[in-house]
Amino acid sequence: QESLVESGGGLVQAGGSLKLSCEAATSIFRGNPMGWYRQAPGGSRAIIARITRAGAETSVDSVQVRFTISRDHAKNMVYLHLNSLTPEYTAVYFCNSSRGPYHYWGQGTQVTVSS
């Protein structure tokens, strides 16, 4: 079954850090680029960072300083480290796997940053 399960969200104070995790089914992990997106209240879903199978990372310039993506092939896991958070980053964070025209999504994990 093709599934993605995110975890690690929660409430954090401004300036704090979180580590989000995404466990992926083998069929949509190996060989696929993986990514993290966020969707703020009332907003659209937007990409934060992406990592290829080989480990090449790309991230949105505006958040590059604060987010680090990584993947563990042995565990079928993708991680997103969030640092120096501010309340504007309160959002639901989604894990994504893509293969050609196909996209797979998890249910999301809520991150709330208090001021």
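Give me the accessible area per residue for the chain, probe 1.4 Å, as a whole number in Å².
Each residue of the chain exposes 52 Å² on average to a 1.4 Å probe.
Output wanted: per-residue J couplings in Hz (rounded whole) for the stretch 4-10, from phi through Karplus 6.51 cos²θ - 1.76 cosθ + 1.60, θ = phi - 60°, x for Gly and Pro.
For the stretch 4-10, the Karplus curve yields 10, 10, 8, 7, x, x, x Hz.
Just to be sure I understand the model, the point goes 7 Å from the Cα along the line to the Cβ. What's the resulting N83 to A54 distance in nm?
2.6
Quick one: with all protein chains in place, what share of the accessible area of the chain is carbon or sulfur, to the nearest percent (1.4 Å probe)?
Reported share for carbon and sulfur atoms: 49 percent.
Mind giving me the FRET efficiency for E2 and K75? R0 is 22 Å, r the Cβ-Cβ distance, nearest 0.05 is fine.
0.80
Working out 0.36 nm times the residue gap between Q107 and I47, then minus their Cα-Cα distance, what length gain in nm do you get to one decimal?
Length difference between fully extended and current span is 20.1 nm.
The values are calculated or read from the model by the stated rules, or taken from the named source; none is laboratory data. Quick caveat, the model's predicted, so the values are computed rather than measured. Using ideal geometry, Cβ is built from the backbone for each residue, glycine included, and neighbour counts are taken over all protein chains shown. Heads up: the accessible areas ignore ligands, DNA and RNA and are worked out on the full protein's heavy atoms, side chains in. Shrake-Rupley method; radii C 1.70, N 1.55, O 1.52, S 1.80 Å.
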